[in-house]
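Contents: one structure, followed by commentary.
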């Protein structure tokens, strides 16, 4: 698997560079490997290592958390040291997110670098591997494996390919809409197992919405709240009017490549594709919602960290399985909770962002270069409020449930921040390959830019996106002093009265190539 993406065509200038320094090592302490005659400190990690080891190349740590703690100790003893954490080949299966805060920061000219060891392709994974498959239903070709009871996920991957969660055909016939949900053509669904796990899905214009079932009595399907109310606060064309398909029921398992998780029973079901041998297959079940969390604050941001040559893979996102469902507004921003009012403009002033499986908040001078973001169930890489001088350069994003990357937000702290440190500014997204995004939430854009200042999105190759390659901005001017009367049914002051403009200024989209963007 290549860790670099480069291309030159059609006027694109693709500049991808990676520097590696191979130094002779002499251990100065049991936990620090310092290059002879320099201020460089190196820690090494192996999936087969030990957290009781010294963290050297010959005696590597086992976990990323241990390496993080070693970096903190080294920074305390030598604040000017240039620290690198080398990940050897292997899969690093996380049981909880790796959380970095201000204590894990580098400094200008001495960034802390988390990088692949020379020639290695390490994978940071949020999944468990599923084994021990047995034939469950020979007639339907369904196999079964045991998993931990109560385990939840929304994705399954078989040999690196996303499997399809059991679903009905498109536009199942005979369903009619009711105030509380739908009326089915027969009462057969009332006898299905785990009724509250079933989801109803709709696609309409730029929106895609998902609501869980609350109950089924006879032919009447009652949808769960607050989701059902939230998907219907919008005008007719943009609300949940048509049932596009049903999803996530054992009874819907009928095609090779489909799967279903019975969380209560601790049973996973799958129908293999032709030629698949489950005893040999690599079957990954994502269980973590975040792999990496960079948690800064407005007064203590996280600074000067680089991630280079790493693969971030197999994360999930569970909020759509909750009573909130997925009440889409636009571009991955959705309605959670109660209190949303019916409107005529098709948008709500109070939305929630889809989180990233790799997520950052109040991050400064943080870089992702030559990394892979694969098989992820939320946004791939999410730069939230207060992200400044960050860069996403030369990475590959493939098979993402929502957007590849998200920059800035749409909340009041984003569009009218009280503190300069809350502004998202001077960030760059360039020379990335982005493909097969919006796999589960088809309203997502390849790249989303919210309220930001001087963002630069350039020279990205964006392919196979369901809606928009790049989306920028929010609110149709309703958050600016004068509002925007060009939005049908909008009135000045509808979303509040502001004396100052938003932070959206100086953003540039330059020489990006977008192909096949259609829902």
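The numbers here are math on the coordinates, done by the rules we state, and not lab data. Everything numeric in this text was worked out from a predicted model, so none of it was measured. Cβ coordinates were reconstructed from backbone atoms using ideal geometry, including for glycine residues, and neighbour counts include every protein chain displayed.
Extension gain, residue 50-residue 322: 0.36 nm per intervening residue step, less the Cα-Cα distance, totals 94.1 nm.
Give me 58, 322 ranked fewest to most by other Cβ atoms within 10 Å of their Cβ, as a rough exposure proxy. Intermediate values should be presented prior to the final figure.
Values: 58 10, 322 13.
Final ranking by Cβ density, sparse to dense: 58, 322.
The residues 383, 43, 175, when put in order of fewest to most other Cβ atoms within 10 Å, stand as 175, 43, 383.
Residues in region 86-127 near a label at residue 148, defined as backbone nitrogen under 11 Å from the 7 Å Cα→Cβ point? Taking a point 7 Å out along Cα→Cβ of residue 148, the residues of region 86-127 whose backbone N falls under 11 Å are 95-96. Between region 340-371 and region 48-91, the alpha-carbon centres lie 32 Å apart. For residue 183 and residue 76, the difference between the fully extended length at 0.36 nm per residue and the C-alpha to C-alpha distance is 32.1 nm.
How far is helix 64-77 tilted off the main Cα axis of the chain, in degrees rounded to 10, range 0 to 90? Rounded to the nearest ten degrees, it is 40. With the simple model of a label 7 Å out from the Cα in the direction of the Cβ, residue 343 to residue 420 spans 3.2 nm.
Just order 287-294, 348-355 by mean Cβ neighbour count inside 10 Å, highest at the front, would you?
On the way: 287-294: 22.8, 348-355: 20.4.
Result, highest mean first: 287-294, 348-355.
Label-to-label distance, residue 58 versus residue 39, with points set 7 angstrom from Cα along the beta-carbon direction: 2.8 nm.
Divide by every residue of the chain the summed helix terms, -39500 (n - 2.57) for each DSSP H run of at least 4, and state the resulting mean residue ellipticity at 222 nm, rounded to the nearest 500 deg cm²/dmol.
Details: 3 runs with 22 residues, N = 519.
When only DSSP H runs of four or more count, the value is -1000 deg cm²/dmol.
Labels on offer are (i) 4, 17, 28, 30, 16, 4, 0; (ii) 3, 15, 22, 20, 16, 11, 7, 4, 1, 0, 0; (iii) 4, 18, 27, 25, 17, 7, 2, 0, and the one holding P(r) over Cα pairs in 10 Å bins from 0, in percent computed from this structure is (iii).
One Cα centroid belongs to region 478-505, the other to region 176-203; the line between them spans 40 Å. As a calculated quantity, the FRET efficiency between residue 161 and residue 196 at R0 = 30 Å, using C-beta atoms, amounts to about 0.55. Centroid-to-centroid, using Cα positions, region 253-282 and region 134-162 are 3 Å apart. Ranked by the mean number of other Cβ atoms within 10 Å of their residues, highest first, the peptides 298-306, 138-146, 356-364 come out as 356-364, 298-306, 138-146.
How much FRET efficiency would the formula 1/(1 + (r/R0)^6) give for residue 89 and residue 274, where r is the Cβ-Cβ distance and R0 is 35 Å, rounded to 0.05?
Values: r = 32 Å, r/R0 = 0.91.
For R0 = 35 Å, the calculated efficiency reads 0.65.
Can you sort 274, 375 from fewest to most other Cβ atoms within 10 Å of each residue's own Cβ?
Details: 274 6, 375 29.
Arranged by neighbour count, lowest to highest, 274, 375 become 274, 375.
Working value for region 132-286: equivalent-ellipsoid semi-axes of 30, 16, 14 Å, each the square root of 5 times a Cα gyration tensor eigenvalue, largest first. Extension gain, residue 489 to residue 121, is 127.2 nm, computed as 0.36 nm per intervening residue step minus the present C-alpha separation.
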